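One structure is given here, and the rest of the page talks about it.
Bear in mind these aren't lab numbers, they're just calculated from the coordinates by the rules spelled out. All figures in this text were calculated on a predicted structure; none of them were measured in a lab. Here the Cβ is made from the backbone with ideal geometry for all residues, glycine too, and neighbour counts use every protein chain on show.
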Amino acid sequence: NAGVTQTPKFQVLKTGQSMTLQCAQDMNHEYMSWYRQDPGMGLRLIHYSVGAGITDQGEVPNGYNVSRSTTEDFPLRLLSAAPSQTSVYFCASRSPGSNSPLHFGNGTRLTVT
Amino acid sequence: AQSVTQLGSHVSVSEGALVLLRCNYSSSVPPYLFWYVQYPNQGLQLLLKYTSAATLVKGINGFEAEFKKSETSFHLTKPSAHMSDAAEYFCAVSTDSGGGADGLTFGKGTHLIIQP
C-alpha cells in the first residue's frame with residue numbers, strides 16, 4: 001500500500017519561479033486536501049477537493065492553484081513563488097465515511113530564495 | 001467557527017513520567033476531536049479521535065484522551081513516557097466525525113521532549 005505519495009521531497013525555488021507539487025493516492029479516496037506547516041502555526045488548509053472536478057479554497061489559498069482531473073491526483077501549483085511560501089506542504093486524503101481518518105503524505109519541504 | 005488551543009509549544013518530561021498535553025477547543029456545534037502525532041520528517045498519523053461514543057478514548061501507543069464538555073477540553077495523556085514518544089503532537093477539531101471534506105482545524109502543536 002503506497003497510501004499518499006508526494007513528490008518531490010525537497011525543492012528550492014527562486015522568487016518568481018513556478019512549480020507543481022504532486023500528490024497521488026491509491027486508496028480511491030474522494031476527499032483530498034493540501035496543508036502547509038510553518039513553525040508555531042500548526043497546519044493550515046490551502047485548498048481541498050471533494051471529488052474529481054470539484055475544488056474549493058481553504059484558509060490560506062492565495063498564491064496557489066489546484067485542479068482535480070482524476071480521483072487519484074491532486075497537484076498544487078505555485079504560480080510565482082515568494083519567500084513567504086517557504087514551508088512544508090502536506091497532502092492528505094480520506095473517504096467520506098464518518099469513521100475514515102485523514103491519511104497524510106510525508107510532505108514536501110519547499111524553500112524559496 | 002471552530003478553533004483549537006494547545007497550551008505549551010514545548011513539553012518536557014522524564015522517561016517513565018506521566019505525559020499530559022493540553023488541548024482546549026471552541027466549536028458552535030458538537031465537535032469531533034482528534035489527536036495526531038508527527039515524527040521527524042514524516043506526515044501526521046492519527047493517535048485517537050472522539051466521536052461522542054465515549055468520553056474516554058484510547059488510542060495507539062498507550063495514549064488516551066478524555067473529552068470534558070464542561071471544560072471544553074480534550075487533553076492527551078500517557079501514564080509512562082517512553083523515549084520513542086518524542087514527537088510533535090497536534091490536536092484538531094471538526095464538525096464532521098471523519099474530519100470534514102475541508103479537513104480539520106489544527107492547533108499549533110506541542111513538541112514533546114523526553115528526558116532520559
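Given Cβ point charges of +1 (Lys, Arg) and -1 (Asp, Glu) and nothing else, what value in debye, to the nearest 20, does the dipole of the protein assembly as shown about its Cα centre take? Walk me through the numbers on the way to the answer.
On the way: 15 positive and 15 negative charges, 62 e Å.
The dipole magnitude comes to about 300 debye.
With both partners inside the protein assembly as shown, how many of the DSSP beta bridges are antiparallel, as a percent to the nearest 5? List each step's numbers first, then the result.
Values: 69 of 78 bridges.
Here the antiparallel bridges make up roughly 90 percent for the protein assembly as shown.
Would you mind giving the mean number of other chain beta-carbons within 10 Å of the Cβ of each residue in B:40-50, as a whole number?
Numbers: counts 0, 5, 4, 15, 12, 4, 4, 0, 1, 2, 0.
Per residue, the average neighbour count from other chains is 4.
For B:S80 and B:N41, what is the calculated FRET efficiency with R₀ set at 35 Å and r taken between the beta-carbons, to the nearest 0.05? Don't skip to the answer; put the middle values down first.
Details: r = 26 Å, r/R0 = 0.75.
The formula returns an efficiency of 0.85 here.
With Cβ to Cβ distances under 15 Å as the rule, what net charge do the other residues near B:V57 carry (K, R +1; D, E -1)?
On the way: positive: B:K49, B:K58, B:K68, B:K69, B:K78; negative: B:E64, B:E66.
Net charge in that neighbourhood comes out at +3.
Among A:E59, A:E30, A:E72, which one moves the most in a GNM of chain A with springs linking Cα atoms closer than 10 Å?
Most flexible of the set in this elastic network: A:E59.
Let me know the charge dipole size of the range B:45-93 about its Cα centre in debye, to the nearest 20, where only the beta-carbon of Lys, Arg (+1) and Asp, Glu (-1) is charged.
On the way: 5 positive and 5 negative charges, 34 e Å.
Value, rounded to 20: 160 debye.
Relative contact order (percent) for chain A, with alpha-carbon contacts under 8 angstrom and 6 or more residues of separation?
Numbers: 296 pairs, mean separation 40.2, N = 113.
In percent, rounded to a whole number, it is 36.
Expressed in nm to one decimal, what extension gain is obtained for the pair A:D73 and A:T20 from 0.36 nm per residue of sequence separation less their Cα-Cα distance? Numbers along the way, then the final one.
On the way: separation 53, 0.36 × 53 = 19.08 nm, distance 1.20 nm.
Difference between extended and current length: 17.9 nm.
Identify all lysines with a Cα-Cα distance to A:K9 below 18 Å; exclude those on the same chain that are fewer than 8 residues away in sequence.
Excluding near neighbours in sequence, the set is empty.
Provide A:V112, B:V29 in ascending order of the number of other Cβ atoms located within 10 Å of each residue's Cβ, fewest first. Could the numbers behind the result be given before it?
On the way: A:V112 19, B:V29 7.
Ordered from fewest to most neighbouring Cβ atoms within 10 Å, A:V112, B:V29 come out as B:V29, A:V112.
What nm value, rounded to one decimal, do you get for the distance between B:T55 and A:M27 when each label is placed 7 Å out toward the C-beta?
3.1 nm
Which aspartates and glutamates have a Cα lying under 18 Å from the Cα of B:K78, excluding residues fewer than 8 positions away in the same chain?
Hits, sequence-local ones excluded: B:E15, B:E64, B:E66, B:E88.
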